[in-house]
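Here the structure comes first, spelled out in structure tokens, and everything after it is commentary.
The values are calculated or read from the model by the stated rules, or taken from the named source; none is laboratory data. Treat the numbers as computed from the prediction; the structure is a model and nothing was measured. Here the Cβ positions follow ideal geometry from the backbone for every residue, glycine too, while neighbour counts run over all protein chains shown. Note: accessible area is taken over every heavy atom of the protein model, side chains too, but ligands, DNA and RNA are not part of it. Shrake-Rupley method; radii C 1.70, N 1.55, O 1.52, S 1.80 Å.
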Amino acid sequence: MKKNLLISCFLLLFLGLQAQEADKLLAAVKSKLESVKDYTGEATLSVNVSFMNVPDSKVKVYFLQPDNFKILKPDGISILPKGGMSISLNSLISGKEFTAVPGGYTSMNGRKLAMIKLLPINENSDIVLSTLLVEEKTALVWKATTTTRENGTYESMLEYGRFARWGLPDKILFVFNTNTFKLPKGVTMEYEGSKKAAASRPQGDGKGRVTLVYSNYIINTGLKPALFK
Amino acid sequence: MWQLLRIELFKIFKRPRTYISFAAIGAIVALILLAFYADGNNYMAFGMQSLTQSFDIQGRVLNGYLICFIILQTLLIHVPLLIALVAGDQIAGEANMGTLRLLITKPVSRTRLLLAKFFSSAIYTILLLCWMALLSLVVSILIFGTGDLMILKSEEVVILEKADVLWRYFAAFGFAAIAMTTVAALSFLLSVFAENSIGPIVTTMSIIIVFTILTTMDIPIFNAIKPFLFTTHMIGWKGFFDAPVQWEPVLQSAGILLFHIIAFLVATILIFRKKDILS
Amino acid sequence: MQPLIEVTNLVKKFDTLVAVDTLSFSVYQGDVYGFLGQNGAGKSTTLRMLLSLILPSSGSIRLFGEELTPNHKSILSRVGAVIERPDLYKYLTALENLRIFARMSGVKPNDRLLMDQLEMVGLAERAQSKVATYSQGMKQRLGIAVALVHNPDLVILDEPTNGLDPQGIADMRNLILRLSREFKKTVVVSSHLLTEIEQIATRMIILDKGKKMMEGAVADYFQPASNKVHLGVVQPAQVMELLQKDPWNLLVEQSRDELIVSLGSDKVPELTRYLVEQGVLIQSIRSVNSLEAYFLSLTSGNQHVATFTN
């Protein structure tokens, strides 16, 4: 799979857009994202993982350039996949060294999107490949796919609305692999009634989904880095 | 009947052995609370190791609600011993002391006497659980505060909203009251056959231990009989910590336990009515 | 007069063992009725059946003119009992014990009345001590107080002197006599000792292996005229001959070294003087009640000590 991806990357390198154009588009995306130094977002977090039973909850999302990102549920517990940082596009794009490769155009929900593939320069990078689908006109990223060595593939689907001019989505759907994760077998006695109920639930497709629906952003208020410690 | 019940309760609460249970629960809960107070975060880090490898968990996982759950989980397995200590003594203990024959020569029907004795055991059981609830829930909350409750099960991780937790504890303690009353009814029944209280206490515990082993072992032959063991249903209180609560199995378990209580009690009465008091 | 207790053809079987075998007897108002028999003769089983502790295999028990089994509640409210050791709640005080059993007997406990009861059995000063600190005799007396707490018409005492020291036995005997004479209670009391029954009972029954051996007024059995005199002499054959002649003309049997003479105990001094005048060398002389003799003959067959001395 990875090999195939690589081969197709190389093919695209020669057949598709010029690399310069990809860099230009990426720069546009970057500059749009960099207009937001920090934000505090209010959002509803939904976690949909087959072995997790977590209610939707109101959370606060904190962001500070370049890649500080934190989701907090005030007075409660929030649980997110370790790669959750990738939800933030900034953390994906900013600061890291990679080669941008154009990948042609594709269409998603009737929207024409340019595909940019990001290949890390550092050979030891955990990220193998990232693919961004960008709307050229607005420089908004609608989808990001990241393949890692250790944790499989992450996908982020973004939807824009009220905060599009800041490059901030109204909704992010984050999809990640859960196949490799095993809950430890508990040593305590389990109630048979609960077991049956758990067994009757659909097993899922081995993927977990986390959705953030933002209700509001407060932008550039000067968040302190200490908040992310 | 009320008169008899008062007499039986008076007898129970005048005995030193009654307070062993309250002291034992107090000591265990105090120890668990102390341990969590001193070193709770390390314990949590260790307990959630497998989860934190792949997930980021934010917020105060270690709170009063979680500690109450841990206490219930560890303690409820041992409470039957404390219940049997009193319920198993109800008839056998009187036989051993020699007071049973005096009781029976009083103008009171044996059935009423047994009912009074059983209900006083049930009241003791419920008071013991209230004591446990007070210590494990109220004191934990006072020390550690409230918060969302995260429970690690073998099938899933459940997080319950803070506001959605307290009623589950009330329901769980209610269910535990039924489960422990089943234990009381069993030792009460065994108490009829013995002339000292050690027999019924040991037998009750043996039955519960054997049944629990059968319940815990995941062996196909045993799985088939699991639904018929009352111990399987005794941990039904955990069902209240599912989201959403699976009412059908939980209510069914409660029903099965109630059926056991009634069956044990009826058997006790039938046997005791025909019994020659030779002690 | 209608009997207070009327037992007809009472049988109790424990598996194959017949503990009580077609037993019939009656106890009348005002009796001190003695149950006499060895251990295992069926006394306790019978008394326990009277108190509905044990259910009869067959036969009928009527108390106060009513069949026991369906009416045991109303009947038992008129009965007080101490069965074997009067065990009470050791972790409670005498007063608390008394209060519990008063309530169970359907009496509203009044502390002054309860103290009176304790006074009667001589435990008033120890009313507030836990029973665990009591001596056996005190427990026994408290047991009586408990049995009397609801002012019953009939008092049933099973082996009340068991385990008591001589003083305790004497106290108990006096208490039973007071119950009968002063408080006009009908008392049923069991014992394996003839002397005890003899001293307190007006009527009695002797049981052996669950069967009634005899029943009647104690006074009849202790008629001096019906006694026998056991006589140990050096030359029994000559003495026997002497006694069968004038002036005594007695019925004499020989049993090993002793002569057994049917003679009232009131005649013993006269007989002794006569024998001495005749030059008979007397080794021993004792007057034996016929009932005692009978009772001994019942028990001797089963007692190892008796076989050994024979």
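Explain nothing, just compute: Karplus ³J(HN,Hα) = 6.51 cos²θ - 1.76 cosθ + 1.60, θ = phi - 60°, for every residue of segment B:237-244 in order, whole Hz, x for Gly and Pro.
Working through the residues one at a time gives 4, 5, x, 6, 9, 8, 10, x Hz.
Scan around A:V101 for amide H atoms under 5 Å from its own, H built in the peptide plane at 1.01 Å from N, and keep only partners 5 or more places away or cross-chain.
A:K117, A:L118, A:L119
Exceeding 22 Å between C-alpha atoms, which entries from my cross-link table qualify? They are B:K11/C:K12; C:K43/C:K228; A:K37/A:K171; A:K32/A:K171.
With Cα atoms farther than 22 Å apart: B:K11/C:K12; C:K43/C:K228.
Around B:F272, with a cut-off of 14 angstrom between Cβ atoms, what is the net charge of the other residues, counting Lys and Arg +1 and Asp and Glu -1?
Summing Lys/Arg as +1 and Asp/Glu as -1 gives +4.
Using a 1.4 Å probe on protein heavy atoms, which residues of segment B:123-160 have at least 30 Å² less accessible area in the complex than alone?
When all protein chains are present, B:D148, B:K153, B:S154, B:E155, B:E156, B:V157, B:I159 each give up 30 Å² or more of accessible surface.
Once every DSSP H run of n ≥ 4 in chain B is given -39500 (n - 2.57) and the sum is divided by its residues, what mean residue ellipticity at 222 nm do you get, rounded to the nearest 500 deg cm²/dmol?
-23000 deg cm²/dmol
Nearest 100 Å², what total accessible surface is buried between chain B and chain A (probe 1.4 Å)?
About 3700 Å² of accessible surface is lost on pairing.
Measuring from label point to label point, each 7 Å out along Cα→Cβ, what is the C:S284 to A:K30 span in nm?
That separation, rounded to one decimal, is 13.0 nm.
Would you kindly state how much longer the chain becomes between B:S50 and B:L134 on full extension, computed as 0.36 nm times their sequence separation minus their alpha carbon distance, in nm to one decimal?
27.0 nm
May I ask you to evaluate 6.51 cos²θ - 1.76 cosθ + 1.60, the Karplus curve with θ = phi - 60°, for each residue of segment B:246-262 and list the ³J(HN,Hα) values in order in whole Hz, giving x for glycine and proline?
Once rounded to whole Hz, the list reads 7, 5, 4, x, 5, 5, 4, 4, 4, x, 4, 5, 4, 4, 4, 4, 5.
Which ³J(HN,Hα) values, rounded to whole Hz and listed in residue order, are derived for segment A:123-140 from phi using the Karplus coefficients 6.51, -1.76 and 1.60 in 6.51 cos²θ - 1.76 cosθ + 1.60 with θ = phi - 60°, glycine and proline given as x?
So the Karplus estimates, Gly and Pro as x, are 5, 8, 4, 5, 6, 8, 7, 10, 10, 10, 10, 10, 7, 5, 4, 9, 6, 9 Hz.
Give me a single rounded figure for B:105-116: the average over its residues of other chain Cβ atoms within 10 Å of their Cβ.
Counting Cβ atoms of other protein chains within 10 Å of each residue's Cβ and averaging gives 5.
Quick check: net charge around C:D208, other residues with Cβ under 12 Å of its Cβ, Lys/Arg +1 and Asp/Glu -1?
Charge balance in the 12 Å sphere: +3.
Could you pull out every residue, at least 5 positions away or on a different chain, whose amide H is within less than 5 Å of the one on C:I285? Hs are placed 1.01 Å off N in the peptide plane, and Pro or chain starts have none.
C:G232
Tell me what chain C gives for mean residue ellipticity at 222 nm when only DSSP H runs of n ≥ 4 count, each as -39,500 (n - 2.57), the sum divided by the residue total, rounded to 500 deg cm²/dmol.
-10000 deg cm²/dmol
Per 0.36 nm of contour for each residue apart, how much would the distance between C:R181 and C:D165 grow if the chain were fully extended, relative to their Cα-Cα spacing?
Contour length minus the Cα-Cα distance gives 3.3 nm.
Per the Kirkwood formula on distinct C-alpha pairs, the Rh of segment C:5-221 is how many angstrom?
17.6 Å
Taking the 0 to 90 degree range and rounding to the nearest ten, how far is the long axis of helix C:268-277 tilted relative to the main principal axis of chain C, both from C-alpha atoms?
It works out to around 20 degrees.
Any idea how far apart B:L127 and C:D257 come out in nm if each label point goes 7 Å out from Cα toward Cβ?
In this crude spin-label approximation the distance works out to 7.0 nm.
Going through the cross-link list A:K224/B:K162; C:K209/C:K267; A:K58/B:K153; A:K58/A:K143; A:K195/B:K117, which pairs have a Cα-Cα distance over 26 Å in this structure?
As for pairs spanning more than 26 Å Cα to Cα, those are A:K224/B:K162; C:K209/C:K267; A:K195/B:K117.
Once you have a ≥ b ≥ c as the square roots of the Cα gyration tensor eigenvalues for segment C:224-288, tell me rounded if a/c is under 1.5, and otherwise prolate or oblate according to whether a/b is larger than b/c.
rounded
Mean 1/r over all different Cα pairs, inverted: what Kirkwood radius does the protein assembly as shown give, in Å?
Result for the protein assembly as shown, one decimal place: 34.6 Å.
Taking amide H positions as placed in the peptide plane 1.01 Å from N, state which residues far from A:G208 in sequence (5 or more) or on other chains have amide H under 5 Å from it.
Hits under the 5 Å cutoff: A:F176, A:N177, A:T178.
Given axes a ≥ b ≥ c from the Cα gyration tensor, I'd like to know whether segment C:1-89 is rounded (a/c under 1.5), prolate (a/b larger than b/c) or oblate.
It is rounded, given that a/c, with a ≥ b ≥ c, falls under 1.5.
In degrees from 0 to 90, rounded to the nearest 10, what is the angle of the helix B:198-216 Cα long axis to the longest principal axis of chain B?
40 degrees
Rounded to the nearest 20 debye, what is the charge dipole size of chain C about its Cα centre when +1 sits on each Lys and Arg Cβ and -1 on each Asp and Glu Cβ?
1060 debye
Take the Cα of A:S215, step 7 Å along the line toward its Cβ, and report every residue of segment A:23-52 whose backbone nitrogen sits under 17 Å from that point.
Inside the label zone: A:40-47.
Can you give the log10 of the normalised intensity I(q)/I(0) at q = 0.07, 0.13 Å⁻¹, computed with Debye over equal Cα scatterers of segment B:2-274?
-0.29, -0.90
Counting only other residues whose beta carbon sits under 15 Å from that of C:A237, what net charge do I get with K and R as +1, D and E as -1?
In short, -2.
Quick one: if the Förster radius is 41 Å, what FRET efficiency do C:A132 and B:A224 give, using the C-beta to C-beta distance and rounding to 0.05?
E between C:A132 and B:A224, to the nearest 0.05, is 0.20.
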